[in-house]
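What follows is a single structure, written as structure tokens, with notes after it.
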Amino acid sequence: MIALSDVQAAQQRLKGVIKETPFSYAPMLSNLAGAQVYIKKENLQNTGAFKLRGAFNKLSTLTDAEKACGVIAASAGNHAQGVAFSAAHFGIKAYIVMPEATPLLKVNGTKALGAEVILHGNSYDEAYAHAQNYAQKHGLTFIHPFTDDAVIAGQGTIAVEMLDEVADLDAILVPVGGGGLISGIATAAKAINPKIKVIGVSASGAPAMRNSFLAKKPQDSLGVRTIADGIAVRDTAKETYKYIVDLVDDIVEVDDEEIANAILFLIERQKLVVEGAGAVGVAAILHHRVQFAPDQKVGVVLSGGNIDVTMINIIIEKGLLKSSRKMKLTVTLIDKPGSLTHLSSIFEKQRANIVQIDYDRTSHRLDYGDAFVSVSLETKGEEHQQQIRDALSEHGFKFTEE
């Protein structure tokens, strides 16, 4: 277990290497939360995520012999770039094992930082196993993304920076996957102010650490599935579980639609690009997973901004649906001239803009003489959507909604 002194030592090592990222008051989020909310913008960190802190601190503690032999890590994202950046700084040869399906953008980004990328396996777990075997075979130091004490101490520097700026924080919301980030933050925050609440936020599609926290014993998941790939950890690490059980006050969860809505909120309202894992704390506030008093000061860690551009369109679509600014309907109508015009006139009267429409008259689910019209509408909120539903029902249309 690390102590505050380990975090403070890491902070000295990181000076001049990392950015002391902004910790800013967020007025619109504060209004929605009913509290005073500040956001820690680690999405603006060098390499785009907090992972650089832990990776650099770990590599700075290696012996000269270990540095000479080289390092290896398994990652498909932020940890890879953190290790690669840090290795380049120290002149250390770095190998990163990534799953074969890793997007080319992430592979090239890691290579650009000087690391040698090894593509292996169909999942992170297969890449991880290969990296450990490769480390033993070639005498390399394996840099774990979250169970290493030096890595945890590096991540804890975030809490020190937050409390240096807002000393009377009442609570901190932290993304939870493997647990390295929240372990470091909780260690530092509780040492500085034992009364502060540290609340983890996990994705419902990666529930291992939250389930373990609630059950008071480590529990693994059968699998993970979430757009928040930075916290998509299948198994509970016993090392970080100990920190969490001792120091964390609660862990809440949000689903993918809520995460997507938070990403969209941050883009539109805060002008910030934040990846799924980085947005979970904001999602927890937007969807009332946590409640605070008006006089309370809350820090939210935006852990990273390395969102896969190929996913942005999907995420925005989910966010629009979740925030009731878009709705998708499948309407059954009689397949005869004028039916579609009648339907579209209803949408026109309700001031709903049609952005996509598809006509299907061959589905085996249709009665003879009927057709399905699948339509996507731009809407102005839940009240507007209910008016559209009521108008369709009043005119006798049968419909389903995604």
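None of the figures in this text is laboratory data; all of them are computed from the coordinates on show. Please read these numbers as outputs of a predicted model, since none were measured by experiment. Every residue, glycine as well, gets a Cβ built from its backbone with ideal geometry; the counts of neighbours run over all protein chains shown.
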Practice task
Quote the FRET efficiency, to the nearest 0.05, computed for GLN136 versus GLU116 with a Förster distance R0 of 22 Å and r equal to the Cβ-Cβ distance.
Solution key: 0.80
Handout entry: Angle in degrees between helix 238-247 and the longest Cα principal axis of the chain, rounded to the nearest 10
Key = 80
Problem - Cβ crowding within 10 Å averaged over residues, with 382-390, 293-301 ranked highest first - result: 293-301, 382-390
Fill in the blank from the handout: Simple SL model, points at 7 angstrom along Cα→Cβ for LYS15 and ASP308; separation in nm is 4.0
Handout entry: Most mobile of ALA215, ALA88, ALA131 in a GNM of the chain (Cα contacts under 10 Å)
Key = ALA215
Problem - Relative contact order of the range 266-342, defined on C-alpha pairs under 8 angstrom at six or more residues apart (%) - result: 27
Practice task
With unit charges on the beta carbon (Lys/Arg positive, Asp/Glu negative), name the residue among THR240, VAL224, ALA208 whose Cα is farthest towards the positive pole of the charge dipole of the chain.
Solution key: THR240
Handout entry: Considering only the chain, percent of DSSP beta bridges that pair antiparallel, nearest 5
Key = 45
Exercise for the section: Compute the separation of the alpha-carbon centres of the range 100-144 and the range 289-354 and state it in Å as a whole number. Expected result: 37
Problem - Sorted by Cβ neighbour density within 10 Å, fewest at the top, the residues HIS288, HIS144, HIS79 - result: HIS288, HIS144, HIS79
Fill in the blank from the handout: For the range 51-142, the Cα convex hull volume per residue in Å³ comes to 73
Handout entry: Radius of gyration, Dmax [the range 235-382; alpha carbons; angstrom]
Key = 21.5, 69
Fill in the blank from the handout: By the mean-Cβ-within-10 Å protection proxy, highest first, 8-15, 62-69, 257-264 rank as 257-264, 8-15, 62-69
Fill in the blank from the handout: The ³J(HN,Hα) series, computed from each phi in the range 184-197 with the Karplus coefficients 6.51, -1.76 and 1.60 at θ = phi - 60°, rounded to the nearest Hz and given as x for glycine or proline, is x, 5, 5, 4, 5, 5, 5, 5, 6, 9, x, 7, 5, 9
Completion exercise
Computed ³J(HN,Hα) along the range 108-120: with the Karplus parameters 6.51/-1.76/1.60, θ = phi - 60°, integer Hz and x for glycine or proline, the list is 5, x, 6, 4, 5, 8, x, 8, 8, 9, 10, 8, 7
Practice task
Calculate, in nm to one decimal, what ASP164 and ALA129 gain on full extension: separation in residues at 0.36 nm each, minus their alpha carbon distance.
Solution key: 8.6 nm
Handout entry: Check: the chain dipole with +1 on Lys, Arg Cβ and -1 on Asp, Glu Cβ, in debye
Key = 560
Completion exercise
Going fewest to most other Cβ atoms within 10 Å around each Cβ, HIS287, HIS364, HIS89 line up as HIS364, HIS89, HIS287
Fill in the blank from the handout: So, relative contact order of the chain in percent, Cα under 8 Å, 6 or more apart, is 16
Completion exercise
Quick note on ILE314, ILE307, ordering by fewest other C-beta atoms within 10 Å, gives ILE314, ILE307
Problem - Answer label for Cα Rg over 2.2 N^0.38 Å (calculated), chosen among (i) 1.21; (ii) 1.12; (iii) 0.98 - result: (ii)
Completion exercise
For the range 146-157, Karplus-derived ³J(HN,Hα) couplings (6.51, -1.76, 1.60; θ = phi - 60°; whole Hz; x for glycine and proline) come out as 8, 8, 7, 4, 5, 5, 4, 4, x, 5, x, 4
